[in-house]
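Structure first, commentary second.
The values are calculated or read from the model by the stated rules, or taken from the named source; none is laboratory data. Here the structure is a predicted model, which means the values were calculated and not measured. Cβ placement follows ideal geometry from the backbone for every residue including glycine, while neighbour counts extend to all protein chains displayed. We work out accessible area using only protein heavy atoms, side chains counted, and drop any ligands, DNA or RNA first. Shrake-Rupley method; radii C 1.70, N 1.55, O 1.52, S 1.80 Å.
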Amino acid sequence: MNLPKFALKELMNHRRFVFFFLFNSSLAMLGLVTLENFKFSFNQVLDQRSKQILGADFSVSARRQLKGDEINYLESNLPKATKVANTTALFSMVAGTGYSRLVYLRAIEYGFPFFGHLKLREKGLYPKNVPFDSFLKPNSVWVYPELLIQLNSKVGDTLKIGNKNFIIDDVIDEDTQQTFQMGSIASRIYLSQEGIKRTELIQKGSTVWYGNYYQFTDGLDLEKLQETTRENLPDAGLWITSPKKAGQQVGRVLNYLNDFLGLVSLVALFLASVGLFYLFRSYLKIKRKDFAILNSLGMVWNDIFKLSLWHLAILGFSGSVLGLLISYALIPLTNYLVSFYLPFQLPFQINASSLIIAFGVGTVGNILLGLPLLFSQHENPIDLFQEEFTKTSKEQMKGWMWFLPWVIFYFLLAIYISNSIIIASLFLGLFLGIGILIYPLGLYLLGKISNLTSPKLYLSLAVKNMARFRFSTLSIFISLTLGAMLLTLIPQLHNNLEDELQTPSDGKAPSFFLFDIQEEQVSKLKAYLSSKDVELLGVSPMVQARIQDINGKEFKISTTGRPLTREEEREQRSRNRSINLTYRKGLSDTEELVEGTPFSGRYGGNGDEVAEISVERRYAKRLNLGLGDVLTFDVLGLLVKGKVVNIRRVRWTSFLPNFFIVFQPGVLEEAPKTFLAAIPQLNLDQRTLLPMDMFKDFPNVSMVDLTRVIKRVLLLIKQMGWALRIMAILSLLVGLLVIYSLVGHQVLDRRKDIVLLKMLGISFSDLNKTILLEFFILGFGASLMGISLGLGVSYIVSMLFFDSLWSFRPLLPLGLLVTVTGLSLLVSYLATFRVLRSRVGEWLYQN
Amino acid sequence: MKRLLSYLFILIIFTSIESTVFGNKAPTKILFLGDSLTAGYGVSKKMAFPALIEKQFNKKSPGRVRVFNGGISGSTTAGGVARLKWYLKRKPDILVLALGANDGLRGVNLNASKKNLSLVILKAKELKIKILLAGMLLPLNYGKNYRGRFKKMFIELAREHQLKLVPFLLKGVGGEPKFNIEDGIHPNEEGHKIITKTLTPYLEDLL
């Protein structure tokens, strides 16, 4: 017998069901594929951004030229087909027409940066639109716009760098490589490698930064390459950087986002599986009769089993293909919507990973999922005369065992998607745990309520219905619980991360960071800026100290006598470095108390009592500090003790001065200190003229221009925020679709009973109330349980992966409880409406 | 009266002999007012040159000096006077003024730096504190003109205030990778030992 052909013919005979199945499964697949594609597209954009900050795929930099053996290692071990470029950077004083300023000179080769650009005022985007002929000549430079004003110069004028004159060839309006770290203190000048040699500034005794940048063909694991290179080139003086490290300003948030996107995919996968499992269960329930008849007609169970596998494979494969096709077809619409709603370009595209996942889940997953269901169908034709039948515990155990291949397959798939064994185990464990717990408990409870009676018919009927169809009641309950749990998880995690991604409102993001302000200059500076209508933000005193001991134990790493690893060496150095302290009454706008109590007020001791301190959450974690711990600080020779009274969370994305350790007032006021502050967004004129003016009146105050960097980082963070939001909304939609599908199908299952009850003369109103009550109990109970579990899981996931960022907002669970219950009621009402309105004879004729 | 005077004479002689022989003289307090180089950025405080100097002097004659490390990373000359005041309660006898490197590296107006250093010197002189001025040189990439003016600033200060000047605190260390940590600017433990050697003869003179 040609089983595939026969299976296809069989399916053609159940067109209505096949259509319903394909509609639902392709929807689930569409959700899964869309989420996976979004994740891919967002990752592409964010990867690109990180690469733009570094300008390359990989770099090795040092304060010296690379040595011969280091060059040899890199040449022989880095992948072939690479582009290589060298940069040379140093600080110097540059003289223009009458003034001289500190600048950051950066020499590049033509074609660098490989990623990102310099936006030149006259030539356009470099390197894209600037041919080699128009590149920097040995005697020309490109400068940042503020430098023209600072040096009283214009394009075409001459600058004296070192001993030579250079012509200003163009102005850089945008530089994707500008970061907080290198050269933020001074304006940049770009010149060619020949140009930097001409200056004669590089001699023995010069402080120069040499960069070696590489571009590879796609698909290389850059993090791994970084690790391997680090192992082989262990000199601490070498800075080996991959794009992820280059984007450190947003690195932590980027990691959060990656983990979050992985979780969303996983949730979509499990949601789709819940839907598919339920659909298969329904399908096989329908086919149960056919299989028994085929068996009684002489078809052996082995063939029936194979036939069913073909059914599953054809249905699953078709569902995946349909889902993918719809997803493809929707690309123009998706791109339109994305470009309409997102404040940045996101080229939405299908990627290989989504294809693998769709077909993996659609075919292999479906077949494996069908195994336990198929084995439970191995029954005698005589069973068909029973409404519900029971199995022996041995048979049940055998049935459960058939879930094992599916469990293993999903576990592997979950690891692939989430990139984490812990998360994959957590999810799978939770799914299995819920099933194992709810099933026997539910059976017991349903058994208990089956004898309950009520004078109200609809109440009695609803309870009896649930108890009588206890397997199907529990299936839908578990499915709804899992659906509600997953539905809660993503928006809840999104809420947690949203705070972290909060950016300063427009105009409140600083454009300059000021440091080395002396105490006596603070009021003068405020008055000076106020006269120019500029507000001074986040003025904070800064006192340098070293941590002497923690709880009486000296603060140093143990010296074991063995050579220290690179990490230990760095750790030791970081411990030897001083820590900046500040003091203030309480929390700033960008801080939140996580643990402990606020400061009791001003320090009232005479110097011997321990002062109160507040520690930043991550810093506390790094030093293993908790409430009540006492730290001794060496504040410029004077020992000061501080007791941790609270741990606070700092929103670093405010870009305002923030500190790891804050003292209560009354302790550090007398210590030598400088002040930090920020200046909010200024227009271009102010931004250029203010530093010049301030340089005259406050020569010691250093100003770091953050405008361009913050603008870029803010955009990146906003993009991440959008990624989170869209993924949360999409997963919510997928979840609701699955719930719609589950409830709709469950009601269809009840058609026969509804019609029978109608034949027995039960009123329309009572039948309607019965169904609604039944689905209210199921929907409400399952969503309550699912949402509670979702909150619990989000808490665990936050602790494990998101630095304990967890905040409870009651609106989300309440909203979901109402939505899931309401949706269950609405779908059940709509689905039963048609059955209730149809004539009994008509239905009997159709069936 | 004669008797009393002879008792007093004996007492003075005895006290001075006791101080010399048994080393009971109060230690000379040396305050190092500087930046990250003085603070020992990247090495432990015990390995920074102020601590090494204390160790070295006290090895020969225990209790001879007591050192206060007033180094703050990233500090400029601007906060010099305020910081000196903070240490006045320690009653320093000698001030090693090692500020100015960050001014130069940040391209600060050198007239302002010179004025700030002058104020510190005047304050110390007013309190009869002996001063050793530690001069600095800027890396060659800062350009001949600015480097020249920076170097001259210390020479002028020493001349104007008649101070002892160490021409270059980082002599033999600056620009030598083996004596600096990975950032190429801050001395490592070996570098701090060299600075100690550089400063020792100047401090011997002042002691």
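At a glance:
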quantity: Some residue of the range A:799-818 being within 30 Å of A:Ala620 (Cβ to Cβ), among the small types (Gly, Ala, Ser) and in contact (Cβ under 8 Å) with a residue 24 or more places away in the chain; calculated: yes
quantity: Residue that is under 26 Å from the mean Cα position of the chain (by Cα), within 25 Å of A:Gly744 (Cβ to Cβ) and among the small types (Gly, Ala, Ser), where the choices are A:Gly483, A:Gly435, A:Gly442; calculated: A:Gly483
quantity: Within the range B:111-122, tally of residues that are open to solvent by 10 Å² or more (accessible area, probe 1.4 Å) and more than 9 Å from chain A (Cβ to nearest Cβ); calculated: 5
quantity: Conditions (1) facing another protein chain (nearest Cβ under 9 Å); (2) touching a helix residue (DSSP H, G or I) at 6+ places or on another chain (Cβ under 7 Å); (3) surrounded by fewer than 15 Cβ atoms within 10 Å (Cβ to Cβ): number failed by B:Gly172; calculated: (1)
quantity: Selection status of B:Gly74, within 13 Å of chain A (Cβ to nearest Cβ), at positive phi and either touching a Pro at 6+ places or on another chain (Cβ under 8 Å) or open to solvent by 10 Å² or more (accessible area, probe 1.4 Å) (or both); calculated: yes
quantity: In the range B:24-71, the residues that are within 14 Å of another protein chain (Cβ to nearest Cβ), basic (Lys, Arg) and assigned to a helix (DSSP H, G or I); calculated: B:Lys45, B:Lys46
quantity: Within the range A:97-110, tally of residues that are in a loop (DSSP other than H, G, I, E, B) and either within 13 Å of another protein chain (Cβ to nearest Cβ) or modelled with pLDDT of 80 or more (or both); calculated: 3
quantity: In the range A:601-621, the residues that are without any contact (Cβ under 8 Å) to a residue 60 or more places away in the chain and crowded, with 19+ Cβ neighbours inside 10 Å; calculated: A:Ala611, A:Glu612, A:Ile613, A:Ser614, A:Val615, A:Glu616, A:Ala620
quantity: Near pairs, Cβ below 7 angstrom, 6+ apart or cross-chain, from the range A:1-28 (at pLDDT below 80) to any residue that is among the basic types (Lys, Arg); calculated: A:Leu3/A:Lys306
quantity: Filtered residue count, the range A:194-228, keeping only those that are farther than 25 Å from A:Pro79 by Cα, of a type outside the set (Lys, Arg), touching a strand residue (DSSP E or B) at 6+ places or on another chain (Cβ under 6 Å) and open to solvent by 30 Å² or more (accessible area, probe 1.4 Å); calculated: 0
quantity: Output for the range A:507-547, where each listed residue is touching a residue at least 40 places away in the same chain (Cβ under 8 Å), in a helix (DSSP H, G or I) and not charged (D, E, K, R); calculated: A:Gln521, A:Val522, A:Leu525, A:Tyr528, A:Leu529
quantity: Of the criteria (1) under 23 Å from A:Leu690 (Cβ atoms); (2) touching a strand residue (DSSP E or B) at 6+ places or on another chain (Cβ under 8 Å); (3) open to solvent by 10 Å² or more (accessible area, probe 1.4 Å); (4) not acidic (Asp, Glu), which one A:Asn152 fails; calculated: (2)
quantity: From B:Lys125, B:Lys85, residue being more than 27 Å from A:Tyr104 (Cβ to Cβ), open to solvent by 50 Å² or more (accessible area, probe 1.4 Å) and in contact with a strand residue (DSSP E or B) (Cβ under 9 Å, 6 or more places away or on another chain); calculated: B:Lys125
quantity: Residue ID - nearest to B:Asn180 (Cα to Cα), chosen from residues in the range A:166-187 that are outside any loop (DSSP other than H, G, I, E, B) and either modelled with pLDDT of 90 or more or within 13 Å of chain B (Cβ to nearest Cβ) (or both); calculated: A:Ser187
quantity: Test: residue in the range A:622-638 that is within 25 Å of A:Leu537 (Cα to Cα), crowded, with 20+ Cβ neighbours inside 10 Å and of a type in the set (Val, Ile, Thr); calculated: no
quantity: Of the criteria (1) touching a Pro at 6+ places or on another chain (Cβ under 7 Å); (2) open to solvent by less than 10 Å² (accessible area, probe 1.4 Å), which one B:Gly107 fails; calculated: (1)
quantity: Residues of the range B:51-71 that turn out to be in contact with a Ser or Thr (Cβ under 6 Å, 6 or more places away or on another chain) and either crowded, with 21+ Cβ neighbours inside 10 Å or among the basic types (Lys, Arg) (or both), as a count; calculated: 3
quantity: Enumeration of residues in the range B:77-88 that are out of contact with any helix residue (DSSP H, G or I) (no Cβ under 6 Å at 6 or more places or on another chain) and either among the basic types (Lys, Arg) or facing chain A (nearest Cβ under 9 Å) (or both); calculated: B:Gly79, B:Ala82, B:Arg83, B:Lys85, B:Trp86, B:Tyr87
quantity: Residue match in the range B:89-100 (condition: surrounded by 24 or more Cβ atoms within 10 Å (Cβ to Cβ), at pLDDT below 90 and within 14 Å of another protein chain (Cβ to nearest Cβ)); calculated: no
quantity: Those strands (runs of 3 or more DSSP E) lying entirely in the range A:655-706 with at least 2 residues open to solvent by less than 20 Å² (accessible area, probe 1.4 Å) and within 30 Å of A:Val644 (Cβ to Cβ); calculated: A:661-663, A:674-680
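One line per residue, one yes/no per condition, for (1) touching a residue at least 40 places away in the same chain (Cβ under 8 Å); (2) away from every other protein chain (no Cβ under 14 Å); (3) surrounded by fewer than 18 Cβ atoms within 10 Å (Cβ to Cβ); (4) part of a strand (DSSP E or B):
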position: A:Arg64; (1), (2), (3), (4): yes, no, yes, no
position: A:Asn72; (1), (2), (3), (4): no, yes, yes, no
position: A:Glu75; (1), (2), (3), (4): no, yes, yes, no
position: A:Val94; (1), (2), (3), (4): yes, no, no, yes
position: A:Phe112; (1), (2), (3), (4): yes, yes, no, no
position: A:Lys137; (1), (2), (3), (4): yes, yes, yes, no
